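Read the figures in this text as sums done on the coordinates, not as results from a lab. Note that the structure is a prediction, hence the values are computed from the model and not measured. All Cβ positions, glycine included, derive from the backbone under ideal geometry; neighbour counts span all protein chains shown.
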Amino acid sequence: MQQDRWHKGHQVLGALIDALSWDEAVERIVAWGEERASRYVCFCNVHSVVTTMLDPEFQTVVNSADMAAPDGAPVAWALRRMGAEGQERINGPDLMWRYLAMAEKLGQSVFFYGSTEETLAGLRANLNRRFPALKVAGMHSPHFCDSDPEQDEADIAMINQSEANVAFIALGCPKQEKWMGSHYGRVHATMIGVGAAFDYHAGVLKRAPLWWQQNGLEWLYRVLMEPRRLFKRYLITNTLFLFGFARQLIVAKLSGKSRACAKP
């Protein structure tokens, strides 16, 4: 795992989250992509930061990432509460689209790894319409078998031989983050874990209306669309986040008072 993690932000529960703007996030990815640097980027929502408290391996992966952006209105709010004034939500699907616009202008090439063949076909069609000059180095829907190192090596070789500057990884959380962490130094591209972004941009899944997104309610829209799958997950993780972050703030406040009392 890399030791030179670029980081400026705060710890939210068990995750080191970067305080940064949209422009800073895109510019840093463009710079890393230009170098074809083996780096990786995570987008951390409530589910992610809660999972860092429950899964030590996942916590190590997130906190070793070259960038961990606040994906989720509550996470952005937590950063603002800790001093990152004006911090916005930086989410995977939108950052992917913003970077692709820059990649098209700069001639950087991209690889799309994950999801299904059907989704990738829809994604390619939309990319051709939206970014006609974009260099797509490759797309691949992996057939995962944890005990098949030969297939894994073949997938790595496929990405590396494509000479992609950036590789978008869509395997779902926490699998994509752990995959990026274990492939750091082996994949010669900047890896970005974007979850359901392929499905959104392929038109397979419908995103929340803009008003819901702007008011921090995209999670609620997803629950309403998939209540059986997501209700329990969001109920548990949101509750754990609220209690966990409240405790973090109280401990920080009491610690500050203790230090103040100790001053001569």
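Output the antiparallel fraction of DSSP beta bridges having both residues in segment 1-121, as a percent to the nearest 5.
Details: 4 of 8 bridges.
Antiparallel: roughly 50 percent of the beta bridges in segment 1-121.
In what sequence, highest mean first, do 108-115, 66-73, 242-249 appear when ranked by Cβ atoms within 10 angstrom? List each step's numbers first, then the result.
Details: 108-115: 24.5, 66-73: 26.0, 242-249: 14.1.
Those peptides, ordered most packed to least, come out 66-73, 108-115, 242-249.
What's the FRET efficiency of residue 249 with residue 23 using the Cβ-Cβ distance as r and R₀ = 30 Å, to the nearest 0.05? Let's see the in-between values first.
Working: r = 29 Å, r/R0 = 0.97.
For R0 = 30 Å, the calculated efficiency reads 0.55.
With point charges of +1 on the Cβ of Lys and Arg and -1 on the Cβ of Asp and Glu, referenced to the Cα centre of segment 77-171, which listed residue (78, 113, 136) lies farthest in the positive direction of the dipole?
Going by the Cα projections, it comes out as 78.
For residue 115, what residues show an amide H to amide H distance below 5 Å, using hydrogens built from the backbone and excluding near sequence neighbours?
170
Whole-Hz Karplus ³J(HN,Hα) for segment 115-128, in order, using 6.51 cos²θ - 1.76 cosθ + 1.60 and θ = phi - 60°, x for Gly and Pro?
Karplus-based 3J(HN,Hα) across segment 115-128 equals 6, 10, 4, 4, 5, 4, 5, x, 5, 4, 4, 5, 5, 4 Hz.
If the chain between residue 54 and residue 157 were fully stretched, how many nm would it gain, using 0.36 nm times the residue separation less the Cα-Cα distance? All intermediate terms of the calculation are to be shown ahead of the outcome.
Values: separation 103, 0.36 × 103 = 37.08 nm, distance 3.31 nm.
Extending this stretch completely gives an extra 33.8 nm.
Percent of alpha carbon pairs in segment 1-132 separated by more than 26 Å? Don't jump to the answer; show the numbers that get you there.
Details: 2359 of 8646 pairs.
Pairs farther apart than 26 Å: 27 percent.
Could you pull out the pairs from 8/206; 105/175; 8/175; 105/178; 178/253 whose alpha carbons sit more than 28 Å apart here?
Working: 8/206 33 Å; 105/175 31 Å; 8/175 25 Å; 105/178 31 Å; 178/253 33 Å.
Checking Cα-Cα distances, 8/206; 105/175; 105/178; 178/253 exceed 28 Å.
With only Lys, Arg, Asp and Glu charged, each at its Cβ (+1 for the first two, -1 for the last two), find how big the charge dipole of segment 14-122 is about the Cα centre; round to the nearest 20 debye.
Values: 8 positive and 16 negative charges, 39 e Å.
Around 180 debye, computed over segment 14-122.
Suppose every Lys and Arg Cβ carries +1 and every Asp and Glu Cβ carries -1, with no other charges. What dipole size does segment 109-161 come out with about its Cα centre, to the nearest 20 debye? Mind dumping the intermediate values first?
Numbers: 4 positive and 8 negative charges, 143 e Å.
It comes to approximately 680 debye.
Kindly rank 83-89, 94-100, 181-187 from highest to lowest mean number of other beta carbons found within 10 Å of each residue.
On the way: 83-89: 15.1, 94-100: 19.1, 181-187: 17.0.
By packing density, highest mean first, the sequence is 94-100, 181-187, 83-89.
Charges at C-beta only: +1 for Lys and Arg, -1 for Asp and Glu. How large is the resulting dipole of segment 113-196 about its Cα centre, in Debye rounded to 20?
Numbers: 7 positive and 10 negative charges, 115 e Å.
With only Lys, Arg, Asp and Glu charged at Cβ, the dipole is about 560 debye.
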